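These notes concern the structure reproduced below.
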Amino acid sequence: MTRIFLNGEPRDVEEGISILEAAARAGIAIPTLCFDPRLRAIGSCRICCVDVAGETHAQVACHTNVHDGMRIETHSKAIEAFRHEMLALMAAHVAPASFAAEPDKELHRMMRAYGVEPALKGRRPIRTDPSHPHIRVDMAQCIDCFRCVRICEDLQGESVWHALGRGADLRIAPDSGTTLLSSSCVGCGACTDTCPTGALTDRAKPSDAAVERWTRTTCPYCGVGCEMDVGTAKGRIVRVRPTRAAPVNKGHLCVKGRYAFGFANSPERQTRPLVRDGRRWLPAAWDAAIDKCAEAFQRISAVHGPDSIGVLGSARATNEDNYLIQKFARVVLGTNNVDCCARVCHTPSAAALKTMLGTGASTNSFDDIEKARTIFVFGANPLENHPVVGARIRQQVLQQRANLIVADPRRTDLARVATVHLPLRPGTDIPLLNALAHVIVSEGWIDETFVRERLAGWDEFRSFVANWPVERAADNCGLAVEDIRTAARLYAREAPSMTFHGLGLTEHVQGTEGVMALVNLALLTGNLGKPGTGMNPLRGQNNVQGAAHMGCDPAILTGSVAIEERRSLFEGVWRAPIPRRRGLNLMAMMDEALAGRLKALWVIGYDVLPTLANMNATRRALAKLEWVIVQDLFMTKTARAAGNVLLPAASTFERDGTFMNAERRIQRVRQAIDPPGEAWPDWRIVCELARRMGHGAQFSYASSSEIWDEIRQVWPEAAGISYARLEGSGLQWPCRTDSDPGTTILHASTFAHAKRAPLQRIDYGPTPEETSPEFPFLLTTGRNLYQFNAGTMTMRTPTAKLRPTDVLEISPSDARQLGIAAGEHVRVRSRYGTAQIAARITERVNVGELFATFHDPRVALNKVTSPFRDGIVQSPEYKVTAVAIEKLAP
């Protein structure tokens, strides 16, 4: 520590910090315009200048460090006069309309504080750009602080904004040289968030009022768990900004989190319960709708037994909602037939990690990205699907602080900056991972101490991988031998090494085993239990980790424990027995429905029909059900096809609760607006239906916090996580007591299930889905940056304009051979169905391979995906389908 004197007061501060930071810690606000705590200080605006005793000139506070004995005056008369003069000069760039409409902009706040009026009047050079659906550009109001240039480069890594020219000719412009829409901008809004003027602003609708209240909550999109401040006015969401102090996103958001909130205000929201009468949907009172559901469940259970009913939880709902959903299935219905969409994406990771390490969740934290020397991204495209994490990874590479290995059939934007890109043939993950293990073992790059003290099955595994020389895998995978060797050496030698994986690894017939084979690499090299290491699955939906972990799985209870492991604890808290019969998972439910044995299904926050693979088979299964309850924000495709009752649910912005992100962090969700019409939070609907079916005493909760307190009773690993402790930021479980700080890294000294982890010997079993002369292409499906799942939310926001429909990526060579032009619509045909989609010609995909997104229900791409499933947890194989392409007639 060092002692300084701020405005005459002695202060002990940390040595080496800036004057600006020292003043802030003392509660003294020094004005600044070019400074952003997310960026390196450059001191160009000089508004933060202060007087320092002994110095002949004022010192720039943002990048002048304190020293012992320094005497600082932050608001002397001379300094205040200087600031007024500088603001008066800048006022020439401030339009009166913007000054009034954007009161929170830093320059505007400062001008008001110093009594300076806006002075941009009359005709001016046309420097406005209305092209982007989210960002308004008016560079006549730019003061050349370069914050937009720096934040785009240093935080997002896109380098969209550039400073062109010098002196009076200096101007800031996008890299396109024309409009922002035609540039490389990804719409994250970091530039508008940092811009201190009206030059870059969010394009709020003219009808939107100024923000009346800000509410801190958690993003409703991917599993990164970004925190955001939601601005509301007149009962509507009008703006969203990143929470600056959030530990996950650190003041950053992606385009969906920042701008795709319009679905909450959509006129298409379901605001009253609906009951189907033949082909018509008729409004109903809540009492009548709930009575119909209760009567149907009781009748079907009495005739066919409780296991003739299935319940599906929601990755978009809170932990509290999902806890009650699985409790309802087991206590009220008396069945273990409960699952959620984790079955089709997250379950292979959870099962593999649970089997090998004892805990089916991420081992490390996102903050370990900045501690890793090598990052291995396998089967994931985080720049589009988990953008804030993707940006953090890319920044480490661009700033040469980490090596990057990317295993992905496509040349994604992250693959373009990778040290090594492994564009393996779809479906050949196991050969590649076994070959990487072969190199590590044969060249002696194992962590001998870790192998000796913490692994089981070493001798058997060493013999097994001897049969996987690099040449064998290279032939299977279509890769260069030397690239495989280079990747293995980087991962093993340039430690600490951290892995991230996604659905490109899990959505295969060997998805669970693929994750196990990736865990083998971490175990062999000792890249577990330490900073900058670990196995870190990237979760696709905001609470897919939490939905499954709360027990929306036929074989597990809350805390991801086997039913028999904690049966007595749960039965004591619930005051009810848990069924002993084995439950059906989601895919088994579809099979049993098709066979006529499953009679009823309650689908909560999940549009099953367009999102399950092999859509035509799903449609046939749903059509055979006697009773389907759909609980959602909108009239979904599932409801239209098979629903009997539609129950209107509150959105994320209209309820309280918690989410669990991909790094095991429990975070608060806070209500920002009221639900529209008669929509209810999911937990309230569950409780009311339970009451109608005679179990009101076990579902008599008054709030989400009461539900969470019960969760803490049955899940000891989260007993220390109270709502009160979550008021600041989230906590990572295990967190067993009120004084427990949470666990950022798992398996530091032992594994959750044993002292030693077993290496797994995974033989390669190729998918039955093969190309043929009739179906010569391999199709892989996935997401894009601007849309989310079936488009239920994003298609109802202006973000949809940035990617209004799905596209099929095809290589230039294949396009020429088939005579397909860019943008032309083609028919994709598989053994299971057809879909029509626009073609995009790109070098991102290999010859003979295709990639398409699946967000647009009008395209319904899942009509072509295959029926094959993971052999262990039954997840569908979305990533490999043999298809043909046919040009459509003009």
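Here are the numbers:
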item	result
Per-residue SASA entry for ASP12, accessible area with 1.4 Å probe, Å² rounded to 10	90 Å²
Relative frequency of Cα-Cα separations exceeding 12 Å in region 26-70, percent	64 percent
Rg followed by Dmax, in Å, when region 203-345 is reduced to its Cα trace	20.0, 57
Region 503-592: radius of gyration and largest Cα-Cα distance (Dmax), Å	16.7, 47
Residues of type lysines that LYS292 reaches as a straight line, Cα spacing below 25 Å, ignoring anything fewer than 8 places off in the same chain	LYS327, LYS599, LYS624, LYS637
Estimated D of region 474-624 in µm² per second, where Rh is the Kirkwood radius over Cα pairs and Stokes-Einstein applies at 25 °C, 0.890 mPa s	128 µm²/s
Within the chain, percent of DSSP bridges classed antiparallel, to nearest 5	55 percent
Whole-Hz ³J(HN,Hα) from phi, Karplus 6.51 cos²θ - 1.76 cosθ + 1.60, for region 473-480, glycine and proline x	5, 4, 5, 5, 8, x, 10, 6
Cα convex hull volume per residue for region 58-209 (Å³)	147 Å³
Nearest-20 debye value, region 615-732 charge dipole, Cβ charges on Lys, Arg, Asp, Glu	500 debye
Cα gyration tensor category, rounded, prolate or oblate, for region 278-425 with a/c compared to 1.5	prolate
Angle in degrees between helix 511-525 and the longest Cα principal axis of the chain, rounded to the nearest 10	60 degrees
Kirkwood Rh, Cα atoms: Rg over Rh of region 296-363	1.08
Solvent accessible area, Å² - GLU843, 1.4 Å probe, full protein context	130 Å²
222 nm mean residue ellipticity, helices alone, for the chain (DSSP H n ≥ 4; -39,500 (n - 2.57); rounded to 500)	-7500 deg cm²/dmol
Residue-by-residue Karplus 3J(HN,Hα) for region 131-146, coefficients 6.51, -1.76, 1.60, Hz, glycine and proline x	6, 7, x, 10, 10, 9, 10, 9, 6, 5, 9, 6, 10, 6, 7, 6
Heavy-atom accessible area per residue - the chain, 1.4 Å, Å²	36 Å²
Gyration tensor over alpha-carbon atoms, region 1-138, equivalent ellipsoid semi-axes in Å	33, 17, 12
Kirkwood Rh and Cα Rg combined as Rg over Rh, evaluated for region 792-842	1.07
Cα-based Rg / Dmax (Å) for region 600-664	13.7, 40
Per residue convex hull volume, Cα atoms of region 250-289, in Å³	121 Å³
Residues VAL847 and GLU774, FRET efficiency given R0 of 22 Å [Cβ-Cβ distance, rounded to 0.05]	0.75
Pair-distance profile P(r), taking every C-alpha pair of region 352-398, with 5 angstrom steps and integer %	5, 18, 23, 24, 16, 10, 2, 0
Proximal lysines to LYS755, defined as alpha-carbon separation beneath 24 angstrom and excluding residues fewer than eight positions away on the same chain	LYS354, LYS530
Karplus 3J(HN,Hα) series, Hz, for region 533-546 with 6.51 cos²θ - 1.76 cosθ + 1.60 (x for Gly, Pro)	10, x, 10, 9, x, 8, 8, x, 10, 3, 9, 5, 5, x
Cα-only Debye scattering, region 663-749: base-10 log of I(q)/I(0) at q = 0.11, 0.17, 0.23, 0.27 Å⁻¹	-0.42, -0.83, -1.12, -1.29
Stokes-Einstein D (µm²/s) once Rh is taken as the Kirkwood radius of region 414-530 over alpha-carbon pairs, at 20 °C in 1.002 mPa s	148 µm²/s
Inter-label distance for SER76 and GLU15, nm, one decimal - labels placed 7 Å from Cα along Cα-to-Cβ	2.7 nm
Under-5 Å amide H pairs with PHE376, H placed in peptide plane, nonlocal only	ILE405, MET498, THR499, PHE500
With all protein chains modelled, accessible area of LEU164 [1.4 Å, Å²]	70 Å²
Dimensions (Å) - region 346-481, Cα atoms, principal axes, largest first	41, 34, 31
Ranked order, ASP806, ASP277 - accessible area, probe 1.4 Å, largest first	ASP277, ASP806
Packing rank of 648-657, 47-56, where each peptide gets the mean count of other beta carbons within 10 Å, highest leading	648-657, 47-56
Within straight-line cross-link reach of LYS256, lysines at Cα separation under 21 Å, skipping those fewer than 8 residues along the same chain	LYS205, LYS801
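The values are calculated or read from the model by the stated rules, or taken from the named source; none is laboratory data. The structure displayed is predicted, hence computed values, not measured ones. Cβ sites come from the backbone with ideal geometry, for glycine too, and all protein chains shown count toward neighbours. These accessible areas exclude ligands, DNA and RNA; they are computed on the full protein's heavy atoms, side chains included. Shrake-Rupley method; radii C 1.70, N 1.55, O 1.52, S 1.80 Å.
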